[in-house]
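Here's the structure we're looking at; comments come further down.
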Amino acid sequence: MDSENYLLKGQRKRMVEDLREKGIKDEAILRAFSLVPRHKFMLKGFEQWAYRDQAFQIDCNQTISQPYTVAFQTELLELKPGDKVLEIGTGSGYQAAILAELGAEVYTIERFKQLMDTAAANLSENGYDSVKLFYGDGWKGLPKHAPFDKILVTASPGEIPEELLLQLKRGGIAVIPVGGPDKAQKMFKFKRNQDGTFSRSSHGLFRFVPMLKGKT
Ligand code: SAH
């Protein structure tokens, strides 16, 4: 291992302790954060910042989410190994790698072809080649592959994306930050009940890039 990697590994360990101090409790999730090399999902030249608890710019004017946000959303999903999970907003591929590390079967949609291609390379170079990537509009979900145990949205829709929610299994969970682009967004957890209806709970305010309609 070269000295730079050694340094990054130490920083990654501290990031995990930071997440623990900020309230992330699930040991399996903390372990996944200790294993996924976030610096490999950043733009070239940004690697040294990878283990700060901050969002960073990636291509196409998008962002790799803040580690705490990734951990918080993942915790709300109540993942079980083997869960079939749909992620909206592949971005860098980092969140998808965390889900894969936790044993989920991951489907992820991105509306920028360039980001999808980079994420595909990031994922396969780091051993997460089971992640299934799709170029498309997340508002529509993936009807051909539905239903899903879990749905995770990592961009913010201005209103509840109903077509997407209907692709959730009964007993399933969707985590979606809902709100307009001008203010912070509310983190909602939707549970699909056995009779097909939904219950929802709210989990604080976050900031995401907007979930836009259509492919680019
Ligand atoms: N999960 C990502 C976060 C990326 S930011 C990561 O871990 O890096 C959110 C992403 O959602 C952006 O890449 C943006 O292009 C994408 N996005 C926005 N609207 C979308 C839509 N309708 N369908 C699919 N992806 C969308």
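Annotations
- Acute angle (nearest 10 degrees) that the helix 67-76 long axis makes with the longest principal axis of the chain, alpha-carbon atoms: 40
- For segment 68-113, a/c is not less than 1.5, where a ≥ b ≥ c are the root eigenvalues of the C-alpha gyration tensor, and a/b does not top b/c. That puts it in the oblate class.
- For the cross-link pairs Lys44/Lys84; Lys40/Lys150; Lys13/Lys215, the ones whose C-alpha atoms lie over 30 Å apart are Lys44/Lys84; Lys13/Lys215.
- Straight Cα distances below 12 angstrom link Lys113 to the aspartates and glutamates Asp59, Asp137, with same-chain residues fewer than 8 positions distant left out.
- Between the helical axis of 113-125 and the longest alpha-carbon principal axis of the chain there is an angle of about 60 degrees.
- Contact order, relative form, for the chain: 15 percent (alpha carbon pairs under 8 Å, 6 or more residues apart, mean separation divided by residue count).
- Per-pair calculated FRET efficiency, R0 = 35 Å: Ala146 and Lys44 via Cβ, rounded to 0.05: 0.45
- Relative contact order, whole percent, for segment 133-216 stands at 29, derived from Cα pairs under 8 Å and 6 or more residues apart.
- DSSP bridge pairs, segment 148-216: antiparallel proportion in percent, nearest 5: 70
- From the alpha carbon centroid of segment 39-114 to that of segment 152-216 is 17 Å.
- DSSP beta bridge pairing in the chain, given as percent antiparallel to the nearest 5: 45
- Taking the charge dipole of segment 1-84 about its Cα centre, with +1 at Lys and Arg Cβ atoms and -1 at Asp and Glu Cβ atoms, the residue from Ser65, Met15, Val36 reaching farthest to the positive side is Val36.
- Between Lys169, Lys186, Lys22, the residue with the greatest mean-square fluctuation in the GNM of the chain (Cα pairs under 10 Å linked by springs) is Lys22.
Values in this text are rule-based calculations from the coordinates and carry no lab data. In this text the structure is predicted, and so the values were computed from the model without any measurement. Here the Cβ is made from the backbone with ideal geometry for all residues, glycine too, and neighbour counts use every protein chain on show.
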